[in-house]
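What follows is calculated from the coordinates using simple rules that are stated; it is not laboratory data. Remember, predicted model here, so these are calculated numbers, not experimental data. We place every Cβ from the backbone using ideal geometry, glycine too, and count neighbours over all the protein chains shown.
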Amino acid sequence: MNGLIERARQALDAQPFSRLLGASLEHIDAESAVLTLPLRDDLKQQHGFAHGGVVSYLADNALTFAGGARLGGAAILTSEFKINYLRPAIGSLLVARAGVIHAGARQAVCRCDILAREQDTEKLVATAQGTIVKVDGAN
């Protein structure tokens, strides 16, 4: 399993946008993935909490890593996802915990909860669900 986390971290590092935001992969296995993102001031909107696009990015990537690990392929994409914003994301760290709901040979349906952490407290700020697919011939 150690090889999986190293390959997944390399994939995350190969994404310039993920590097720009400062995302980290904390955990991955065949059923789940956890991504974190320090909540800096430049990632907030005018009211002082995380911009919805930042929360959405985190959900999308966590869903894709969870589904991709289950499907076992390098060419993995999100074919769709939806997100429900539940409360403002206020804290020092965003945590996305994604898991596989169901997987077949070519696609996986996954769920992700996004939490805002401040010290030892986490609050659920959004939840998302998406479909992750294997793509033939993707570069």
- By counting other Cβ atoms within 10 Å of each Cβ, how are Ser56, Ser79, Ser24 ranked from fewest to most? Ser79, Ser24, Ser56
- Note on the structure: From the Cα centre of region 15-34 to that of region 84-119, the distance in Å is 12 Å
- Item | Mean separation of Cα contacts under 8 Å (6+ apart) over length of the chain, as relative contact order % | 24 percent
- Message: With n ≥ 4 as the cut-off for DSSP H runs, can you work out [θ] at 222 nm for the chain, using -39500 (n - 2.57) per run divided by the number of residues, rounded to the nearest 500?
- Response: -8500 deg cm²/dmol
- Item | Equivalent-ellipsoid semi-axes of the chain, from the Cα gyration tensor, Å, largest first | 25, 15, 13
